[in-house]
Amino acid sequence: MNLNQFIEHFADLFDETDHDLIKADTCFKDLEEWSSLLALSVIAMIDEEYDVEFKGDDIRGSNTVEALFNIVKSRVG
């Protein structure tokens, strides 16, 4: 599991946002396309790709893509 791969999976969830705008230090909540539906998609992606239980509180407590990655990384078996 690496950060670049995580960023790619995260960016793939966005339809209207240029993937080049999504980096480790991107504050994902500031992206125009960010929504509660995308938050659910992130939770589903993390469960599917990394087999990690992730909750809305994890997203609410994070601001950057790298912060999300670090939570997932800490929980990977």
* **Pick from region 62-77, criterion over 9 Å from the mean Cα position of the chain (by Cα) and not in a helix (DSSP H, G or I), ranking: surrounded by the most Cβ atoms within 10 Å (Cβ to Cβ)** => Ser62
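Of the residues Asp18, Asp58, Asp51, Asp25, which single one is at negative phi and more than 12 Å from the chain's Cα centre (by Cα)? Let's see the steps before the verdict.
Numbers: Asp58 fails: more than 12 Å from the chain's Cα centre (by Cα); Asp51 fails: at negative phi; Asp25 fails: more than 12 Å from the chain's Cα centre (by Cα).
Matching residue, one of Asp18, Asp58, Asp51, Asp25: Asp18.
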* To do: Report, ordered by the first and then the second residue, all pairs with beta carbons closer than 6 Å, sequence separation of six or more or different chains, a first member in region 1-17 that is in contact (Cβ under 8 Å) with a residue 24 or more places away in the chain and assigned to a loop (DSSP other than H, G, I, E, B), and a second member that is open to solvent by 20 Å² or more (accessible area, probe 1.4 Å) and polar (S, T, N, Q).
  => Leu13/Ser41
* Pull up region 37-58, narrow it to residues that are part of a helix (DSSP H, G or I) and touching a Gly at 6+ places or on another chain (Cβ under 9 Å), then point me to the one that is most open to solvent (accessible area, probe 1.4 Å). => Leu40
* Structure fact -> Only one of (1) out of contact with any Asp or Glu (no Cβ under 9 Å at 6 or more places or on another chain); (2) of a type in the set (Asp, Glu); (3) surrounded by fewer than 12 Cβ atoms within 10 Å (Cβ to Cβ) does not apply to Asp15, and that is (1)
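The values are calculated or read from the model by the stated rules, or taken from the named source; none is laboratory data. Fair warning: this is a prediction, and the values are worked out from it, not measured in the lab. Cβ coordinates were reconstructed from backbone atoms using ideal geometry, including for glycine residues, and neighbour counts include every protein chain displayed. Ligands, DNA and RNA are excluded from the accessible area calculation, which covers all protein heavy atoms including side chains. Shrake-Rupley method; radii C 1.70, N 1.55, O 1.52, S 1.80 Å.
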